[in-house]
Amino acid sequence: FTMGRGNYTEKDIKEAARAFTGWGYNGQGEFVFRQNQHDTGSKTVLGKTGNFDGDDVLNILLEQPHTAVYITKKIYKEFVNEELNDANVQWLAQRFYDNNYDITKLLQDIYTSDWFYTEKNIGNKIKSPIQLTAGIRRFLPMELEKDESQLLFQKILGQILFYPPNVAGWPGGKTWIDSSTLMVRLQLPQVLAAKESINITAKNDDDVNMGMVKEEQLRINRNKAYVNKGASAVIDWTLVNKVFEKTAREKLSQKIADTLLQTGSRVDAALLDNYIAKDSRENFVKTTVIQLMTTPEYQLC
């Protein structure tokens, strides 16, 4: 997780482990170094030999240019594009290394670069389930009928918060999308608005769900089960309408789309118009927001 595979050997791992002997924590979770448990013998890590402790090993790792490159690649994939641009990565990694691993300066280099704002790097990442649900709830002021429904959606979509599949975390990217989760993602805004129902089986995948989901049919119906499961929500549409109250009616749908969508492409306005209520401005805003949130474009960031 620091240098990337291929830049160290199994012996380096064993020798580094010896250097970290004695490191621990107390009952309050505070770091404790237990000298009597520390291996004081000579160790060889990445070609350097000495009576190293944990701090020494960390310094040796930071001296390696591969460390800066590997960390830069991970940050680039997270904030820019999963498809790496070698020239951009090498430039960033060198500056990151020269700036003594200053994360703030690395992010500044990314966000102030012209290529960060190119069409290729905008709206190219699939939102994680938490990003998706948090984004919906952030834009739509709501009270869930039952808070437990948040866990239900996390189980169905394959990301239970604070329960990653392993120490590496969730793989992310295209793994968030499959034949079942895509339909739930597209239906979720309408489910919260109590206009749709979900009839789907959550994945029985211990790598994703950490054994927390049994083979059972997770069913949410529009009527009675909505009350039992608490999957729908009470949305304060008055506050949503205030966001767009100064926008002219003829520009309203485009303004809402510009606010919600982070992609260069746009939803077909003529097609969208077929599903929008036009009896009042309030209902126009409500139905436009919900319909845009159910589009594939809304799945991207």
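Of note:
For (1) over 28 Å from the mean Cα position of the chain (by Cα); (2) among the acidic types (Asp, Glu), each residue gets a yes or a no:
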site	(1), (2)
Val240	no, no
Ile256	no, no
Lys278	yes, no
Glu282	yes, yes
Pro296	no, no
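- From Ala17, Ala68, residue being free of Cβ contacts under 8 Å to residues at least 40 places away in the same chain and farther than 30 Å from Asn121 by Cα: Ala17
- Only one entry of Lys105, Lys174, Lys120, Lys146 meets the criterion of being touching a strand residue (DSSP E or B) at 6+ places or on another chain (Cβ under 8 Å) and on the phi < 0 side of the Ramachandran plot, and that entry is Lys174.
- Qualifying residue in region 22-31 (condition: surrounded by 13 or more Cβ atoms within 10 Å (Cβ to Cβ) and either charged (D, E, K, R) or closer than 24 Å to Ala168 by Cβ (or both)): yes
- Scanning region 218-277 for residues that are among the hydroxyl-bearing types (Ser, Thr, Tyr) and either closer than 17 Å to Thr294 by Cα or modelled with pLDDT of 85 or more (or both) turns up Ser232, Thr238, Thr247, Ser253, Thr259, Thr263, Ser265, Tyr275.
The values are calculated or read from the model by the stated rules, or taken from the named source; none is laboratory data. Bear in mind that the values here come from a model prediction, so they are computed numbers and not experimental data. Cβ atoms come from the backbone with ideal geometry, glycine included; neighbour counts cover every protein chain shown.
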